[in-house]
Structure formats: structure tokens, C-alpha cells
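The values are calculated or read from the model by the stated rules, or taken from the named source; none is laboratory data. As the structure is a computational prediction, the values presented were derived from the model and not from experiment. As a convention, Cβ positions derive from the backbone with ideal geometry for all residues, glycine included, and neighbour counts pool all protein chains shown.
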């Protein structure tokens, strides 16, 4: 199923978190740029990077922010995997992704284990990261 299909399944009350994150990782997203940095917002102590599935979703967001129709916003294209695995860990502080913000298909990918690397996840403690595998239930 496509990313749009996985989001629709969540909206229909049939979520499959692993499939949703997997499709996000395989999808290339558009990330608007302003003043030489990625556009984001902060809410509740978390920085949310804006990412869009296509130019139409980005244009809808731009219009909701007061941009004149036809105004082009510069953006970068990146795979969801690169956003989650490389970009988010490089940013200071907790960071998640707001996909298609401002639309009915909007979806948040918070900075938690299973979405971002453990080192960037809010729900993984530094102690757990430093604990040997056998203390976490691994076999040795």
C-alpha cells in the first residue's frame, strides 16, 4: 500500500504502525526551505519538520499560510528514511515530522523508538542506551 493508503487506513481506524512508518521511509518527501533552513514549528518542546507528499500538498499548506496562489516555495526532496535516520539525529533537541500539515491527510511522526533512531527518541533513556544487550533481554 502507498503512504497515502497507509495514512487513509489510520484515519479509517485500521492503523498498521509498522507499515505506515515503512511507507514513509520508502517515500520521497518535499521539505520547504526558508532562510537557508528547513521550515519547522515548535510545539510542546518538540521541533516538527514540515514534509509534504507532493507539490499539491505543499501548495495547499502555502495557501493556508497566506501565500498568493502560484507563489513557489523552495524545497528539498529527501527520502523519508534519510529524514528519520540522518536529518533528525543531526538536529539538537527532540524532532519529529509533520507530514502534509494543514490537510485532512496530515500525520505526525513523533521522535519515538521505532520511528527515529534510539539516540534521537524521547522514550529511550540514556541508561537504556548504555546498558549491555543481556540486561535488555538479549541472549548471551
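Observations, loosely collected:
- Selected residue [loosely packed, with under 13 Cβ neighbours inside 10 Å, on the phi < 0 side of the Ramachandran plot and either in a helix (DSSP H, G or I) or modelled with pLDDT under 95 (or both)] from 5, 66: 5
- Matching residues, region 22-59, being surrounded by 18 or more Cβ atoms within 10 Å (Cβ to Cβ), out of contact with any helix residue (DSSP H, G or I) (no Cβ under 6 Å at 6 or more places or on another chain), part of a helix (DSSP H, G or I) and in contact (Cβ under 8 Å) with a residue 40 or more places away in the chain: 57
- Leading residue by the ranking (farthest from residue 39 (Cα to Cα)) among those in region 102-112 that are modelled with pLDDT under 95 and surrounded by 11 or more Cβ atoms within 10 Å (Cβ to Cβ): 105
- Output for region 12-21, where each listed residue is surrounded by 13 or more Cβ atoms within 10 Å (Cβ to Cβ) and in a helix (DSSP H, G or I): 19, 20, 21
- Filter result (free of Cβ contacts under 8 Å to residues at least 60 places away in the same chain, assigned to a loop (DSSP other than H, G, I, E, B) and under 18 Å from residue 124 (Cβ atoms)) within region 69-110: 91, 92, 93, 94
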